[in-house]
Amino acid sequence: LQAYERLVLFLERMTPNNLVLRCYQAGMTTQLLKDVMIQNIRDEFEHNLAQRLYVSEKTWQIIVLAKEEVLQNVNAVFNDNPEADVAMIAQKIASFENPMVEKAVVNIKNEFNSL
């Protein structure tokens with residue numbers, strides 16, 4: 001039960017809006033925001049690696065894909081807007097939707113309900 005809870009929490013913390021709320025601070029440079037966001041995603045993922053023992057391989061792979069999708073989207077916003085100010089970058093990232101994150105949450109719920 002706790003593994004499913006931890007993994008849903010990880011995915012919720014990784015949603016772009018929550019990621020921006022947690023990482024963005026006024027006065028940051030765009031490079032610092034990028035570094036903090038990417039490190040935050042990686043740290044959260046590493047913190048939850050052991051949960052892999054308690055979920056199916058299919059669920060774990062979807063979680064990994066969700067993490068990669070968020071990382072790709074974060075990197076894309078920074079790469080596509082090199083001259084943008086940090087507040088605009090944060091706003092763009094916060095507005096992203098990540099279908100794989102939603103798919104992973106649904107998959108976790110379905111797997112949990114089938115126990």
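Quick notes
- Between the labelled values [x] 14, 41, 30, 11, 3, 0; [y] 15, 41, 25, 14, 5, 0; [z] 14, 46, 27, 11, 2, the entry that holds P(r) over Cα pairs in 10 Å bins from 0, in percent as derived from this structure is [z].
- Å² of accessible area per residue within the chain, as computed with a 1.4 Å probe and no ligands counted: 58
- Helix 30-47 axis, angle to the chain major axis (alpha carbon atoms, nearest 10°): 10
- When you filter the GluC sites (Glu not before Pro) in the range 5-107 for DSSP loop state and at most 12 other Cβ atoms inside 10 Å of their Cβ, you are left with GLU83, GLU97.
- Per residue, the chain reaches -24500 deg cm²/dmol at 222 nm when only DSSP H runs of four or more residues are counted, each adding -39500 (n - 2.57).
- In this rough spin-label picture, where each label sits 7 Å from Cα along the Cβ direction, the GLN25-ASN40 distance is 1.2 nm.
- Once C-alpha pairs closer than 8 Å and six or more residues apart are averaged by separation and normalised to the residue number of the chain, the relative contact order reads 43 percent.
- Portion, in percent, of the accessible area of the chain that falls on carbon or sulfur, probe 1.4 Å: 52
- Applied to the range 4-14, the Karplus parametrisation 6.51 cos²θ - 1.76 cosθ + 1.60 on θ = phi - 60° returns per-residue 3J(HN,Hα) values of 5, 4, 4, 6, 5, 4, 4, 5, 5, 5, 8 Hz, with x for Gly and Pro.
- In the range 37-115, trypsin sites (Lys or Arg not before Pro) in a DSSP loop with at most 14 other beta-carbon atoms within 10 Å: none
- Backbone N under 12 Å from the ALA76 label point (7 Å along Cα→Cβ), restricted to the range 84-114: 93, 96-100
- Estimated FRET transfer efficiency when R0 is 22 angstrom, pair MET88-LEU65 (beta carbons, to 0.05): 0.20
- Of the cross-linked pairs LYS34/LYS67; LYS34/LYS58; LYS34/LYS103, those separated by over 27 Å at the C-alpha level are LYS34/LYS58.
- Cubic angstrom per residue, convex hull over Cα atoms of the range 6-60: 76
The values are calculated or read from the model by the stated rules, or taken from the named source; none is laboratory data. Fair warning: this is a prediction, and the values are worked out from it, not measured in the lab. Please note: Cβ atoms are built from the backbone with ideal geometry, for glycine as well, and neighbour counts cover all protein chains shown. To get the accessible areas, we keep the full protein, side chains included, count just its heavy atoms, and leave off ligands, DNA and RNA. Shrake-Rupley method; radii C 1.70, N 1.55, O 1.52, S 1.80 Å.
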